[in-house]
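Read through the structure below, which is laid out as structure tokens, and then see the notes.
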Amino acid sequence: MFRLLVFLFLIILSCYSLEPNCKQFHQGEFKFSQIIDGEMKNSYFNRDSLYEIEYFNGKVDTSSIRWVNDCECILTKLNPLSYQDRPIQIRIINTHDNGYTFEYSFVGDSKNKQRGKIQKLNK
């Protein structure tokens, strides 16, 4: 009897999958907070179907955005200044009402993934 219950539980669990609702974050105004040199820094950006415009420390930077699927995109800076400005791959791993958690790394460097959280400012 116990084996049957465990088997049924595993079947039900394997059928349940919570898909993130990524499309709601393809466009809008967003805020990204991170600690840099021991200090909390905020970056704000606007995203539309083609571009992402970021505002950080009084500077503006524009990247093209290409959605690979509903939850993954590649950001490519339009005016790269150095090797550090190479394309970034972003994968949304879960969503909530006003934001999402994501993994990111330079394209081709999946060993050095980092995580972050984004807050959507407009609904």
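The values are calculated or read from the model by the stated rules, or taken from the named source; none is laboratory data. Bear in mind the structure is a predicted one, so any value in this text is a computation, not a measurement. When we count neighbours, we look across all protein chains shown, and the Cβ atoms used for this are built from the backbone with ideal geometry, even at glycine. Surface areas here come from the heavy atoms of the whole protein model, side chains and all, with no ligands, DNA or RNA. Shrake-Rupley method; radii C 1.70, N 1.55, O 1.52, S 1.80 Å.
Using a probe radius of 1.4 angstrom, the carbon and sulfur fraction of the accessible surface of region 28-123 is 48%.
Here the convex hull built on the C-alpha positions of region 79-123 has a volume of 89 cubic angstrom per residue.
A Cβ-based charge dipole, computed about the Cα centre of region 55-123 with Lys and Arg at +1 and Asp and Glu at -1, lands at about 100 debye. Which shape class applies to region 12-123: rounded if a/c is under 1.5, otherwise prolate when a/b exceeds b/c and oblate if not, where a ≥ b ≥ c are the square roots of the Cα gyration tensor eigenvalues? Because a/c hits 1.5 or more and a/b exceeds b/c, region 12-123 counts as prolate. Taking all protein chains into account, the per residue accessible area for region 41-123 stands at 66 Å² (1.4 Å probe). Taking Lys and Arg as +1 and Asp and Glu as -1, the other residues whose beta-carbon sits under 9 Å from that of residue 99 total +2. Over region 28-116, what is the relative contact order in whole percent, taking alpha-carbon pairs under 8 Å and six or more residues apart? Relative contact order comes out at 15 percent.
Note on residue 104 and residue 86: their simple-model spin labels are 1.7 nm apart, each label 7 Å out from Cα toward Cβ.
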